[in-house]
1. Could you work out the per residue convex hull volume over the alpha carbons of the stretch 272-345, in cubic angstrom?
2. From the mean inverse distance of alpha carbon pairs (Kirkwood) and the Cα radius of gyration, derive Rg over Rh for the stretch 137-183.
3. Using the Cβ atoms and a cut-off under 10 Å, what net charge is assigned to the surroundings of Glu190, where Lys and Arg are +1 and Asp and Glu are -1?
4. Mind checking the alpha-carbon convex hull of the stretch 14-93 and giving the volume per residue in Å³?
5. Seen from all sides and averaged, what is the projected area of the convex hull of the Cα atoms in the chain, in nm²?
6. Return the whole-Å distance between the Cα centroid of the stretch 159-211 and the Cα centroid of the stretch 216-240.
7. Working from Cα positions, state the angle (0 to 90°, nearest 10) between the long axis of helix 206-219 and the longest principal axis of the chain.
8. Could you name the aspartates and glutamates whose alpha carbon sits less than 15 Å from that of Lys131, not counting residues in the same chain fewer than 8 places away?
Amino acid sequence: MTHLFVSNGRNPMTPIFEVLQGPVRMAILKAAVEMGMADILAEVSDPKGIAAALPGETDIENLTHFLDSMAGLGLAVKHGGHYLNLAFADTSLRKESPVYLGDMVLNLSRMQHRNIHRIEELVHAGSPPVKKEDRLADESKWQASVKHLTPYQRAGIAALAADTIEALPEFKSASKMMDIGCGPGLMCMEILKRHPAMEGVLFDLPAIISLAEKEVAKEGMGPRISYIKGDYNTTDFGNGYDIIWASHNLYYVKEFSAFFSRLHGALNDGGVFISLHEGTTGEGTAPEHVVLSRLSLALEGQNYVFEKGEIAEHLRRAGFDSVETSPLDLPVGEVELTIARKQRG
């Protein structure tokens, strides 16, 4: 008798069925966000009450099927025919929550899924024209995206960034840091909260800095933070930094040699540059979460991605004395943490 199990006990057909369920999972999550189901379930729990809270006519039987699928996905729990939010939905999918991620889900879905229904077409025809609002290097794209990044950073990424930098031996003696490509600025602010004597500089495009300024005002950190508005390819960084941080934003550097040399010059002797970006391996085939999430963008000619060790090599060529890389786990998957130190004078 032939066995279908491989040596580790995993059936070789299992990946097929896992993949088949992927689009269903996404469709359930997207529909739950678009219908505001987490907000509804916070107020009512029985199908008739839920139906009454939805606009227009509602088919109770199909609504029940959908609610069951939410429970199956782990967004809700069903007990005695009633439905309640589970922790993730209650925390991250209710619009009143400070860490509401629904808009981010929809934004990332538009980016990661808009071309997957026509893979075969684009394999034959090549990359299609990209609308201005969908161009990743366009300022207006990121201006629209910053509001989605704010709750994502607030939900834990800012704290992770602060944990990473606080662990550096240079942290306690640092007096000035720059967050380059800062977005809403929450990561820099969380780092400054861990070091009351340090000042911060937020660097980003003008439209994005205007949004970061509002977040800084909300946190009451205006006296400790200054701003540089511009394109990091051409705008002066200033100098005197003990720490420079860059997370998932160096994709649009035009001349790496010049860029990293400018970063080197902006740091004090003994200063540290920290980068958090993906690092692909296997000739661009791994890790899976990077390759799959960027397929839609790659098919339209926007394949912004770094190979493992690529940023480290640029930093060595720019004159950094010590460059180390290590893996770091994020909610999206494993990324590459690169820490480069400038030699002390």
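Every number here is computed from the coordinates shown, using simple stated rules; none is lab data. All values reported here derive from a predicted model rather than from experimental measurement. Every residue, glycine among them, receives a Cβ derived from its backbone with ideal geometry; neighbour counts consider all protein chains shown.
1. Working: hull volume 6.8 nm³, N = 74.
It is 92 Å³ per residue.
2. Working: Rg = 13.6 Å, Rh = 12.5 Å.
In the stretch 137-183, Rg relative to Rh is 1.08.
3. 0
4. About 101 Å³ per residue, rounded to a whole number.
5. Mean shadow area of the hull around the Cα atoms is 23.1 nm².
6. So the two Cα centres are separated by 10 Å.
7. 80
8. Glu139, Glu300
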